[in-house]
Amino acid sequence: MEVFLTLRGVLFKDLKAFVLKQADQLKAHAQTMAARAGRPYEYFESPVRKDQRARAIATHDQITDGLICVFATVEPCRSFRLAYAHGRPTLRPAWRKCLFLYFYFLDREFGVCHVRVQTWFPFTMQVYVNGHEWLARQMDQRGLRYRRLENAFLWLEDPGRVQRLADRFATLDWRAVLDRFAGRVNPLLRDELKGYRYYWATYRPSTRPTSCSRAAPPCTRSTRGSCGTPRCVCGPRTCSPSSAASSTAASRARSSTSGSAAGQGPA
């Protein structure tokens, strides 16, 4: 982070103004993006079930593709603070609070998904996608019949073929997918962070789909996302967090039924 600020000619006494400028730019981009698409931008002062709210908006407005809405709320974040001691002040990692932006999309490939962006350095980003949404679209494209209840498949016309389709989820070009989402929601990649990119990594991956037999117990929900419905296939779960911004910045990605990509800026 200090190297990044030095290259930008930003003095520590100007750090707060510099950080707030980038935050304002991210917020303005989100509001402009929503306005151009004719979609709502909503700020929440208290906890809200954002996924439910976004899906309700998509259903009410009959959204079939593109941006559904943008939500904003203040949450704890991992950022930096100035540490004063003898000699020159230094930057230290610190827990702070800042504005987070949630971009909800109805994506042609992944269905309902969202991107969570931290507006303060290091611009942590998470992209959440649902493997079952992706798998359902793969079956639709191939004319494979199925019955679905919320996030579980109750019956599949061809379980073996569907399992092979599900196995492909982990082999997608995730770097390109996540870069595409990052480019849509973070305008700093074309401005202050031009020349930098997100470095994607996985955290606690769980991309292996689960096949269930006829003798399996009734379908259940758990943190592992298991499904016990007869002749049911639990699609891949992928979350990829990534970190964005400096050539040395690290990121984390997680894999689960919800996909997530987390990114952070100059470190």
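Values for this structure:
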item: The stretch 16-89 versus the stretch 130-152: alpha-carbon centroid distance in Å; result: 30 Å
item: Pairwise FRET efficiency - THR59 versus ALA28, Cβ, R0 = 30 Å, nearest 0.05; result: 0.55
item: Estimated FRET transfer efficiency when R0 is 25 angstrom, pair PHE44-ARG81 (beta carbons, to 0.05); result: 0.45
item: Gyration tensor verdict on the stretch 18-122 (Cα atoms; rounded if a/c is under 1.5, prolate if a/b is larger than b/c, oblate otherwise); result: prolate
item: Exposure proxy order (Cβ contacts within 10 Å, fewest to most) of SER46, SER79; result: SER46, SER79
item: Contour minus Cα-Cα distance for ARG161 and LYS13 (0.36 nm per residue); result: 47.2 nm
item: Charge dipole (the stretch 1-119, unit charges on Cβ, about Cα centre) - positive-most of TYR84, LEU20, PHE105; result: TYR84
item: Packing-based exposure ordering (other Cβ within 10 Å, fewest first) of ARG55, ARG142; result: ARG142, ARG55
item: Aspartates and glutamates whose Cα lies under 17 Å from that of LYS16, excluding same-chain neighbours fewer than 8 positions away; result: GLU2, ASP24, GLU192
item: Taking ARG168, ARG190 and counting other C-beta atoms within 10 Å, the order from fewest to most; result: ARG190, ARG168
item: Net charge of Cβ neighbours under 14 Å - reference TYR43; Lys, Arg +1; Asp, Glu -1; result: 0
item: Formal net charge of residues neighbouring MET139 (Cβ-Cβ distance under 12 Å; K, R +1; D, E -1); result: +3
item: Inter-label distance, nm, simple model (7 Å from Cα along the C-beta direction), THR6/ARG142; result: 5.4 nm
item: Cα-centred dipole magnitude for the stretch 50-124, charges only on beta-carbon of K, R (+1) and D, E (-1), debye, nearest 20; result: 640 debye
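Read-outs: derived from the displayed coordinates by stated rules, not from any lab. Because the structure is predicted, anything quoted here is derived from the model rather than measured. Cβ coordinates were reconstructed from backbone atoms using ideal geometry, including for glycine residues, and neighbour counts include every protein chain displayed.
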